[in-house]
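Participant: Here it is, the structure, as structure tokens.
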Amino acid sequence: MGVTTASPSPPSSAPATAPATAASLLIILLVGTLVSLLFGVYSSVHDPTGETTIALFFSNTVGMKVWLTTAALLLALLQVLTALRLYGKVTIPKAFPKWLPDAHRLFGTLAFLLTLPVAFHCLWSFGFESTSTQTRRYVHSVAGCLFYGAFASKVLAVRTKRLPGWVLPVIGGITFALLVVLWTTSSLWFFQNREFPGF
Amino acid sequence: MLKRAVAVVEVIAVAGFVIMVALLLVKQPTKHLTALPPRTTVPAGQTGTTAPPDGAQLYKSSCAGCHGGDGGGGIGPQLRDGAVTSSFKDAASEVSFVKSGAGGMPAFRDEMSDAEIQAVVDFTRTTLQAK
């Protein structure tokens with residue numbers, strides 16, 4: 001994706017010193033790993049409450065989760081499309097809109113924001129599904145923890161200068177892929193196996 | 001204008017994340033699942049036998065997320081206070097429903113064995129009703 005809080009910098013043309021670049025990459029990777037681990041540890045040791053928490057302006061919690069996750073995925077998709085234009089991978093529109101970098105940031109930030117109530121309910125109410133026979137929930141739990149780690153890495157990568165040009169698209173792509181996995185193992189499953197929940 | 005909107009949304013996102021983390025750490029449940037009976041285990045040294053499925057533990061891991069830790073309901077309907085025994089006059093009909101699912105209730109035939117479904121049904125009709 002990614003879901004970012006800042007617009008991506010174009011690949012730097014300045015010569016990067018290898019040790020500094022390696023150190024930056026290592027820090028980015030470590031922070032992402034740490035965030036994922038913290039979410040994983042919390043959801044494993046926290047005793048799931050099984051309670052509904054918030055529904056915001058939806059009629060129930062499950063409807064909120066299904067639709068907010070779907071909206072986050074759509075916003076993330078918009079961020080991927082705008083990123084493609086920012087990097088010149090597509091040329092639609094032909095004239096580069098001045099507002100595109102800001103729109104890119106807005107899509108990503110909103111997508112992240114929409115995931116927060118969903119993640120809160122998952123972590124606090126359900127916890128980590130560690131039973132490997134519960135494949136869908138197990139994959140969802142792992143992807144959820146990795147998503148926030150990847151997001152943290154993405155934010156750091158956006159704000160770190162002199163990184164190789166491939167870093168940001170790779171981390172962004174991983175973050176987006178994880179969100180797709182999360183949506184597939186939750187909202188899509190719900191649509192296919194249960195119902196389209198009301199708002 | 002758009003830049004200002006982005007800045008505002010970013011501040012809200014950061015604040016939202018901080019609030020989420022704080023709530024994760026401090027929010028206490030009103031009904032705690034640890035009130036359920038502890039999981040039974042096979043005593044050390046006892047081999048060659050299989051512990052019977054623990055209905056309470058199965059309920060906690062597979063049902064409480066929707067029906068509440070004490071069966072008080074949530075995403076799914078209430079089970080306690082006679083609700084489940086009123087809906088299903090006998091255990092066999094409840095077992096059949098849990099296996100096949102309907103409406104918002106997912107089918108559990110591929111998620112649990114027959115013995116596990118029977119154990120969790122027994123739990124909902126006995127222990128859970130006494131809470």
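Just so you know, all these numbers are worked out from the coordinates, no wet-lab data involved. If you're wondering where the values come from, they're calculated on a predicted model, not measured in any experiment. Because the Cβ atoms are built from the backbone with ideal geometry, glycine has one as well, and the counts that use them run over all protein chains shown.
Participant: Give, as a single signed number, the net charge of other residues whose beta carbon lies under 15 Å from the beta carbon of residue A:83, with Lys and Arg counted +1 and Asp and Glu -1.
Facilitator: +3
Participant: In addition: Which order do A:122, B:66 fall in if you start with the one that has the fewest other Cβ atoms within 10 Å?
Facilitator: B:66, A:122
Participant: Loop-only check: which trypsin sites (Lys or Arg not before Pro) in the range A:97-199 are DSSP coil with at most 14 other Cβ within 10 angstrom?
Facilitator: Answer in residue order: A:98, A:161, A:162.
Participant: So, one more: Arranged from highest to lowest average of other beta-carbon atoms within 10 Å per residue, in what order do the peptides A:180-191, A:75-86, B:76-87, B:11-22 appear?
Facilitator: The densest-packed peptide leads the list: A:75-86, A:180-191, B:76-87, B:11-22.
Participant: Separate question: Show me, for the range A:30-37, the HN-Hα J-couplings you get by feeding each phi into the Karplus relation (A = 6.51, B = -1.76, C = 1.60, θ = phi - 60°), rounded to Hz, glycine and proline as x.
Facilitator: 5, 4, x, 4, 4, 4, 4, 5
Participant: Calculate how steeply helix A:135-159 sits against the longest principal axis of the alpha-carbon atoms of chain A, using the helix alpha-carbon long axis, and give the answer as 0 to 90 degrees to the nearest 10.
Facilitator: Computed tilt is about 30 degrees.
Participant: Neighbour counts of other C-beta atoms within 10 Å: give me A:43, A:153, A:130, B:113 arranged from fewest to most.
Facilitator: The fewest-first ordering by Cβ neighbours comes to B:113, A:130, A:43, A:153.
Participant: Then there's this: Tell me, what HN-Hα J-couplings in whole Hz come from the Karplus equation 6.51 cos²θ - 1.76 cosθ + 1.60 at θ = phi - 60° for each residue of the range A:176-193, using x for Gly and Pro?
Facilitator: Per-residue couplings from phi come out as 5, 4, 5, 5, 4, 4, 4, 5, 5, 8, 10, 5, 4, 4, 5, 4, 7, 9 Hz.
Participant: Amide H neighbours of residue A:165 under 5 Å, at least 5 residues apart or on other chains, H built in the peptide plane: list them.
Facilitator: Under 5 Å from the amide H of residue A:165 lie the amide H atoms of A:12, each far enough along the sequence or on another chain.
Participant: On a C-alpha basis, how far is the centre of the range B:71-126 from the centre of the range A:112-174 in Å? Whole number, if you could?
Facilitator: Each part reduced to its Cα centre gives a spacing of 34 Å.
Participant: Hey, what number do you get for chain A at 222 nm if only DSSP H runs of n ≥ 4 count, each worth -39500 (n - 2.57), divided across all residues, to the nearest 500?
Facilitator: -21500 deg cm²/dmol
Participant: Counting other Cβ atoms within 10 Å, which chymotrypsin sites (Phe, Trp or Tyr not before Pro) in the range A:45-89 have at most 16 and lie in a DSSP loop?
Facilitator: For chymotrypsin sites (Phe, Trp or Tyr not before Pro) across the range A:45-89 that sit outside H, G, I, E and B with at most 16 neighbouring Cβ atoms in 10 Å, the list reads A:57, A:87.
Participant: By how many degrees, between 0 and 90 and to the nearest 10, does the Cα long axis of helix A:61-86 differ from the longest principal axis of chain A?
Facilitator: Roughly 10 degrees between the two axes.
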